[in-house]
Every structure is written in C-alpha cells, then in structure tokens.
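Below is one structure; the comments refer to it alone.
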Amino acid sequence: MFGNMGDMSKMLEGMQENAAKLQTELESKTFNVKSGGGMVEVSMNGKGEIIDLIIDDSLLTDKASLEILLIGAMNDANKMVMQNQQQSAMGILGGMGNMNPFGAK
C-alpha cells in the first residue's frame with residue numbers, strides 16, 4: 001500500500017533542491033522598466049527589491065508627474081517579478097498534478 005513512499009520522499013527532496021536553485025536564480029535576475037518615455041527607470045531584482053532608480057532632471061520640478069511615473073514604473077517592475085516567479089515555480093511544480101503516493105494508476 002505504501003511501497004512508493006520512498007519514491008515520493010526522493011521526489012520531495014528533489015523539489016526542495018529545485019526550489020533552492022530557483023530562489024538563487026530569482027535573486028540574481030534584474031528587471032528594468034522605463035516610464036514616461038524613459039524619464040523614469042526602475043530596476044528591481046528577482047526578490048522584488050528596487051536596486052536602482054533613475055529620474056530625468058526635468059521631472060524634479062513637476063512633483064505630480066514624477067509621482068505618477070514612479071508609481072507606474074514600480075508597479076510594472078513588480079508585475080514582471082511576480083510573473084517570473086510564478087512561471088519559475090510552475091516549472092518546479094508542473095509534475096505534481098500527476099503524482100500519486102499510493103502507486104495506483
């Protein structure tokens with residue numbers, strides 16, 4: 001009845017290793033987004049941390065436009081990171097739907 005539990009354990013260990021590799025890969029990626037025709041540039045790493053921000057000098061006197069462009073660029077960068085994380089996670093979990101711990105077919 002539980003003869004395949006060793007196989008399941010090995011599979012789970014492999015998934016943990018893959019998850020650790022995925023985390024390392026995500027942390028090393030950089031996502032760059034431009035807003036306002038390049039007037040604002042945001043760079044975010046795979047963990048969702050802003051690592052660089054460039055603002056065109058012309059925006060320094062227009063607070064309202066700067067705020068709008070910053071929000072847009074940061075939200076777009078965050079979406080890119082989240083989509084990448086989801087796609088990467090699906091690669092690891094993709095085979096889980098076919099898993100049967102009891103060996104039944």
Flagged in the stretch 52-82 as loosely packed, with under 12 Cβ neighbours inside 10 Å and small (G, A, S), in numbering order, are S58, A64
Over the stretch 31-52, the set of residues assigned to a strand (DSSP E or B) and under 15 Å from M82 (Cβ atoms) is F31, V33, V42, M44, N45, I50
Expected output for the stretch 24-51 (first residue in contact (Cβ under 8 Å) with a residue 60 or more places away in the chain, partner in a loop (DSSP other than H, G, I, E, B) and among the β-branched types (V, I, T), Cβ below 8 Å, 6+ apart or cross-chain) is none
- Query: Got at least one residue in the stretch 14-27 being in contact with a helix residue (DSSP H, G or I) (Cβ under 6 Å, 6 or more places away or on another chain) and of a type in the set (K, R)?
  - Reply: no
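Looking at the structure I just gave you, is I68 modelled with pLDDT of 80 or more, out of contact with any strand residue (DSSP E or B) (no Cβ under 7 Å at 6 or more places or on another chain) and in a helix (DSSP H, G or I)?
Against the criterion (modelled with pLDDT of 80 or more, out of contact with any strand residue (DSSP E or B) (no Cβ under 7 Å at 6 or more places or on another chain) and in a helix (DSSP H, G or I)), I68 qualifies.
The values are calculated or read from the model by the stated rules, or taken from the named source; none is laboratory data. Everything quoted here is computed from the prediction, not taken from an experiment. Here the Cβ is made from the backbone with ideal geometry for all residues, glycine too, and neighbour counts use every protein chain on show.
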